Every structure is written in structure tokens, then in C-alpha cells.
Amino acid sequence: MLNILRINTRTDNAAEKLQLLRNKLRIDGNIVSEAGKKKTVEIFGEPLTPVQVVKKICKDIKERGLDALLEYSQKIDGAELTAGTLRVSEEELNAAYQRADKKLLDAVKKVRDNIWTFQEAILTKSVRVERPGGYLTQRYRPLKRTGVCVPGGAAAYPSTVLMSVVPAKVAGVKEIAVMAPPTKFGAYNDDMLAVCTELGVNEVYRMGGAQGVAALAYGVNGRICPAVDKIVGPGNLFVALAKRYVFGEVDIDSIAGPSEVVVIVDKSTNPVFTAYDLLAQAEHSPGASILIGWDEDILNRTLQSVEEQLNKIERGALAKTALQEFGAVILTKDADESCRLTDEIAPEHLHIATENAEELADKINCAGAMFLGNNTPVAVGDYAAGPSHVLPTGGTARFASGLTCNDFLRGNSILSFDAGGLKELAPLIDVIAAKEGLTAHRESAMKRIQW
């Protein structure tokens with residue numbers, strides 16, 4: 001029997017129960033398995049919190065460079081690496097490409113084109129505004145060097161390479177460094193390496209976790225792994241906390257937590273489809289799956305279908321645990337209340353599986369990505385359509401957006417005026433600079449028009 005949180009907004013304090021659920025998924029360093037706690041003591045000799053672990057690792061990498069990185073790779077991942085094997089060689093990349101599944105590579109080429117055309121369409125262009133006696137320009141140039149985090153603990157994720165690398169390429173980034181843990185699902189995975197090669201990425205490092213993020217941020221021994229300007233891509237708790245720690249030294253895309261979905265349903269929704277939508281997030285484990293609707297019958301039928309499908313998926317046991325720990329079923333008064341609650345949750349993925357999906361979407365502002373109708377599962381965005389699947393989690397969609405090509409651009413303004421143009425603006429400078437007591441500012445303009 002699936003023991004999942006049930007909330008009835010007609011009788012319960014829905015806001016309080018939802019907050020308790022959301023607190024479980026916050027990036028505050030508290031969600032760690034017993035095995036993780038035990039390993040922390042083994043490595044550091046004391047029961048540090050994940051936040052403390054990340055701080056120690058990042059400081060060590062910054063101060064001791066390669067030696068610290070290799071030590072943590074051995075202690076955490078059990079990988080015996082050297083300065084020569086930290087980076088995947090060109091020969092290894094080529095060999096992986098030759099061994100890779102040709103059907104995968106064919107699919108990757110098509111998805112790359114889908115991502116490219118969408119990202120190119122939304123790429124921000126430089127603009128010029130004419131003013132009397134001068135002009136203003138907002139110019140955009142790509143970042144020089146970007147780091148991409150690719151998970152590889154429990155599964156291989158070539159899709160993350162696509163969804164992070166292609167937007168960077170569209171923006172014009174020349175140097176892209178991919179990091180993946182030294183595991184069979186990470187930097188030793190042929191599929192992942194082959195996708196890197198297909199996309200023209202030849203800089204792949206066998207490093208993961210906080211130590212990999214720190215290496216990208218601070219650089220390692222000069223040429224071995226030069227520092228990047230920005231780090232993007234998903235990862236586990238330690239990757240997320242490390243990205244938060246190094247922010248300011250470099251830019252980051254977001255501090256991503258466990259994957260999450262909210263599915264809004266009505267009488268038109270197919271319960272089997274919705275069951276798999278919920279399971280798709282739960283199988284990330286941890287992953288949060290929240291079902292919202294105002295028709296109790298469809299909610300119950302969907303839950304029944306979830307139980308029926310659990311044994312049919314490879315990660316059924318993990319998905320069940322995630323549903324019971326982080327899942328919820330919410331019965332609302334009506335569609336409007338469903339939209340209001342969803343906006344408050346601000347989910348990473350929002351699937352509106354109703355007959356009037358577009359109408360409901362207009363009422364919701366806060367979601368990383370929206371999927372409308374019964375034939376648009378989240379997997380469409382995860383794997384094939386065009387927008388990146390690197391999205392804000394943990395309610396940060398209130399203020400954050402999904403990764404796009406524009407996140408790899410740096411904008412700067414350019415101003416140019418002749419004497420006549422300065423004369424037009426000088427009186428405004430005169431008044432405001434005088435009010436602020438910044439007389440040198442004022443005189444830098446006034447002297448020129450009086451010369």
C-alpha cells in the first residue's frame with residue numbers, strides 16, 4: 001500500500017502541510033543518507049554536516065590544488081587518478097565514440113538540432129539606440145570558458161550534456177569543460193563520452209562532487225584544469241552546496257535540489273499517463289511528485305494506477321520510497337485554487353494535464369517549465385524538444401529561470417556622444433550630481449561644455 005501524504009484544502013491547513021513537505025527538499029545540508037553520514041566520518045574523522053564537508057573540500061582544493069583533488073577522488077569515489085589520467089584523453093574519447101550505440105548518436109544529432117533551433121531563436125541580440133549627438137549600445141558577448149556538471153552516480157545522463165552544452169555553443173562559448181565523476185555512469189561511460197565528442201567537446205574531466213566544482217571554480221595547477229567563468233548543470237546535494245559556496249568566484253546557473261513535478265488533473269486526464277508522470281520524477285529518488293486536482297475520483301484512480309505501475313518500472317522500489325517521503329496528493333476546491341497553490345509551490349516541472357491546459361497556464365506565473373495537455377509529458381522536455389532541462393527547483397522558480405543560451409552571454413553598455421550630445425545631457429548631470437554632493441562628477445561634464 002502506498003502511504004503518500006494526502007491534503008484536502010477544504011478541511012486541512014494546506015499551507016502548513018505543504019511547507020513541511022518543502023522543508024524536506026531545501027538545500028540546507030540536512031538530507032543525507034545513513035550511508036552518507038557514515039562515509040563522512042570515515043573520510044573526515046568526525047560527523048560533519050554536508051555544508052561543513054563542502055566548505056572543507058572547497059578550501060582544500062583552493063589551497064592545495066591537484067594534490068587535494070586526487071586525494072578526495074580516492075577517498076570519496078575510490079578512484080586512483082593522476083595528473084595524467086584526470087582528463088579523458090582524445091584517444092579515449094574517440095574510442096568511446098566508436099563503441100557507442102549508433103541509434104543513440106543518431107538521436108543525439110536530431111535532438112541537438114531541436115535544441116539549437118530553439119535556443120538560436122531566443123538568443124539575445126545586441127541593440128543600438130540613437131540619441132541626439134550620440135548613441136547607446138547594449139552589447140552581448142559570450143563567456144570565454146564554461147564548466148558543465150554531469151551526474152554519474154546512479155545512472156548515466158548523456159541528456160544533461162546535450163541540455164547544457166548546446167545552449168553554450170549557441171551563445172558562442174569557445175571553451176567548455178565537462179566534469180563527471182570517475183564512475184561507470186560518469187567519465188567512464190561510453191555513451192556520455194560519445195555525446196561529448198558528437199557535440200565537439202574534447203575537454204572532459206574525471207571528477208565529481210564538491211571537489212569537481214571547486215576544481216572548475218579555482219582551477220587546478222594552471223594548465224591541468226584552468227578555471228572557468230561559469231558552472232552549470234545538475235548534481236547531488238554536495239554539488240549544489242559547492243556551487244553555492246563558489247558563487248562570486250564564478251557565476252553559476254542555479255543551486256538545484258531534487259527533481260520535482262506538479263501535475264494538475266481533471267476528469268479528462270488519463271490516470272495511467274499521470275501515474276507515469278509522477279513516477280518519472282520519483283524514480284530520481286529523491287524526487288518530489290505532487291498531484292493536484294479538484295475531482296477526488298480522478299485523484300484516487302491515479303493513485304491506484306501508480307501502485308499498479310510501481311512494479312513495472314526498473315526503479316520501482318526507489319520511486320515508492322520517494323513518493324512516500326516527498327510526494328503529496330492535494331484535493332482542492334476548484335481549478336483556481338489549484339493554480340494558486342501551484343504558483344505558491346513554484347515547481348521545477350508543471351504538467352497541466354487538463355482539457356483547458358492553456359487557460360490554466362495563463363493563471364500560473366511561477367514554474368521552471370510548463371507541459372500542457374495529456375500528450376506532453378515532462379520527458380519531452382527532458383530529452384528532445386529544445387528548451388534545456390536544467391531548471392530551477394525548490395520553489396526558486398519564483399525568481400529564477402531555466403538555463404538558456406542567454407545565460408552564457410555577458411552584456412555591457414557602450415555610450416558615445418559628441419559635444420552637442422553632451423550639452424543635451426549636462427544640465428541633468430549638473431542637477432543630480434550636485435544633489436549627491438559629487439562635484440567632481442558634475443564638473444567632469446560641465447567643464448567640457450564650458451571649454
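The values are calculated or read from the model by the stated rules, or taken from the named source; none is laboratory data. This one's a predicted model, so the numbers in the text were calculated from it and none came from an experiment. Every residue, glycine among them, receives a Cβ derived from its backbone with ideal geometry; neighbour counts consider all protein chains shown.
Looking at (1) touching a strand residue (DSSP E or B) at 6+ places or on another chain (Cβ under 9 Å); (2) buried (at least 24 other Cβ atoms within 10 Å of the Cβ), find the lone condition where V250 falls short.
Going through (1) touching a strand residue (DSSP E or B) at 6+ places or on another chain (Cβ under 9 Å); (2) buried (at least 24 other Cβ atoms within 10 Å of the Cβ) one by one, V250 breaks only (2).
Quickly run through region 242-271 and pick out the residues that are of a type in the set (A, V, I, L, M), within 13 Å of the chain's Cα centre (by Cα) and more than 16 Å from T146 (Cα to Cα).
Scanning region 242-271 gives I255, A256.
Please go through (1) assigned to a helix (DSSP H, G or I); (2) surrounded by fewer than 24 Cβ atoms within 10 Å (Cβ to Cβ) for G222 and return the number of the only condition it doesn't satisfy.
With respect to (1) assigned to a helix (DSSP H, G or I); (2) surrounded by fewer than 24 Cβ atoms within 10 Å (Cβ to Cβ), G222 is out only on (1).
On the basis of being without any contact (Cβ under 8 Å) to a residue 60 or more places away in the chain, outside any helix (DSSP H, G or I) and in the same structural domain as A240 (by TED's automatic domain parsing), does G153 make the cut?
No, not satisfied.
In region 318-377, which residues are among the hydroxyl-bearing types (S, T, Y) and either within 19 Å of L21 (Cα to Cα) or surrounded by 18 or more Cβ atoms within 10 Å (Cβ to Cβ) (or both)?
Those that are among the hydroxyl-bearing types (S, T, Y) and either within 19 Å of L21 (Cα to Cα) or surrounded by 18 or more Cβ atoms within 10 Å (Cβ to Cβ) (or both): T321, T332, S338, T342, T354.
Filter region 230-260 down to the residues that are of a type in the set (S, T, N, Q) and part of a loop (DSSP other than H, G, I, E, B) and list them by number.
Across region 230-260, the qualifying residues are N236, S254.
Tell me which residues, restricted to region 267-293, are in a loop (DSSP other than H, G, I, E, B) and either at pLDDT 95 or above or among the small types (G, A, S) (or both).
Just the residues of region 267-293 that are in a loop (DSSP other than H, G, I, E, B), to begin with: 267-270, 283-286.
Residues satisfying the conditions are S268, S285.
Could you list, in sequence order, all residues of region 330-365 that are under 22 Å from P258 (Cβ atoms), assigned to a loop (DSSP other than H, G, I, E, B) and at pLDDT 95 or above? Spell out the reasoning first.
Quick first cut of region 330-365, residues under 22 Å from P258 (Cβ atoms) only: 330, 341-353, 364.
Next, only the ones that are assigned to a loop (DSSP other than H, G, I, E, B) stay: 346-348, 364.
Hit for region 330-365 is I364, nothing else.
Which of the numbered conditions does L199 fail, given that it passes all the others? Conditions: (1) touching a residue at least 60 places away in the same chain (Cβ under 8 Å); (2) under 25 Å from K59 (Cα atoms).
It fails just one condition, (2).
Taking into account only those residues within region 56-79 that are surrounded by fewer than 18 Cβ atoms within 10 Å (Cβ to Cβ) and not acidic (D, E), which is farthest from the chain's Cα centre (by Cα)?
If we take residues in region 56-79 being surrounded by fewer than 18 Cβ atoms within 10 Å (Cβ to Cβ) and not acidic (D, E), then R64 is farthest from the chain's Cα centre (by Cα).
Go over the candidates T183, T146 one by one and state the one that is in a loop (DSSP other than H, G, I, E, B), touching a residue at least 12 places away in the same chain (Cβ under 8 Å) and among the polar types (S, T, N, Q).
Numbers: T146 fails: in a loop (DSSP other than H, G, I, E, B).
Of the residues listed, the single one that is in a loop (DSSP other than H, G, I, E, B), touching a residue at least 12 places away in the same chain (Cβ under 8 Å) and among the polar types (S, T, N, Q) is T183.
Can you tell me which residues in region 73-90 are assigned to a loop (DSSP other than H, G, I, E, B) and among the β-branched types (V, I, T)?
T82, T85, V88
Looking only at region 305-344, how many residues end up being out of contact with any Leu (no Cβ under 6 Å at 6 or more places or on another chain), among the acidic types (D, E) and over 29 Å from N365 (Cβ atoms)?
Qualifying residue count, region 305-344: 2.
Among (1) more than 22 Å from I345 (Cβ to Cβ); (2) touching an Asp or Glu at 6+ places or on another chain (Cβ under 8 Å); (3) buried (at least 21 other Cβ atoms within 10 Å of the Cβ), where does L241 come up short?
(2)
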